[in-house]
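Comments concern the structure below.
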Amino acid sequence: MLLPLRLEIRPSPYLTLLLLLLHLAALASLLPLDLAVPLRLAMAAAILASLFFSVRRHGLVRAPDSIRGLLLREDGTLEGRQNDGALFDATVSRQSTLLPGLVVLLLQTARRRPRVLVLLPDALAADEARLLRAWLRWKSI
């Protein structure tokens, strides 16, 4: 594998659909609750706001701070590129998850909280996904 390796992250229709279905399930779970209507409406508004922001940031990759590209380096670090053009250096947390159809990267940056990147198979080209998995195994997350 030739490093550094640049990966381009695409919008994920699968992740968008999954987020929509999970938020709809959360909305449906409010129906049987024995709560005052204003409280249920407030909870529904919070769930809808969460749907909007999570689909925009993770599913459609349209938020200014959405991660649009990665540059994998030989030393095990990476550089992330956001939609707004900002670049950041990061390391991959050992708590990241690598499953056959899902990659959840926790990226440790200079910020206090890690950046989360959720990748389903449609978010990367097939060869890029294979190379990312190989890089993550080589790096031993």
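No lab work stands behind these numbers, since they all come straight from the coordinates. Only a predicted model underlies this, so the values are computations on that prediction, with no experimental measurement involved. So basically every Cβ, Gly included, is an ideal-geometry build from the backbone, and we count neighbours across all protein chains shown.
How about the range 54-141: which GluC sites (Glu not before Pro) there are in a DSSP loop, with at most 15 other Cβ atoms within 10 Å of their Cβ?
Details: sites: E74, E79, E128; in loops: E74.
Hits after loop and neighbour filter: E74.
Hey, if you put +1 on the Cβ of every Lys and Arg and -1 on every Asp and Glu Cβ in the range 35-126, which of G80, P64, L119 ends up farthest toward the positive end of that dipole?
Of G80, P64, L119, it is P64.
Size of the dipole of the range 39-141 about the Cα centre, Lys and Arg at +1 and Asp and Glu at -1 on the beta carbon, nothing else charged, in debye to 20?
With Lys and Arg at +1 and Asp and Glu at -1, about 380 debye.
Could you derive backbone 3J(HN,Hα) for the range 99-110 from the dihedral phi with the Karplus parameters 6.51, -1.76 and 1.60 (θ = phi - 60°), listing whole Hz in sequence and x where the residue is Gly or Pro?
10, x, x, 8, 10, 10, 9, 9, 9, 7, 10, 5
Using only the Cα atoms, work out Rg/Rh for the range 3-50, with Rh taken as the Kirkwood radius, to two decimals.
Numbers: Rg = 16.9 Å, Rh = 13.0 Å.
Rg/Rh: 1.29.
Test of understanding: what is the full-extension gain from V116 to R137, defined as 0.36 nm times their sequence separation minus their Cα-Cα distance?
Numbers: separation 21, 0.36 × 21 = 7.56 nm, distance 1.85 nm.
Length difference between fully extended and current span is 5.7 nm.
To the nearest 20 debye, what charge dipole does the range 1-73 have about its Cα centre, counting +1 at the Cβ of each Lys and Arg and -1 at the Cβ of each Asp and Glu?
Details: 8 positive and 3 negative charges, 75 e Å.
Taking the Cα centre of the range 1-73 as origin, the dipole is about 360 debye.
Which distance in nm do the two modelled labels at L60 and M43 give, with both placed 7 Å along the Cα-to-Cβ direction?
Distance between label points: 2.7 nm.
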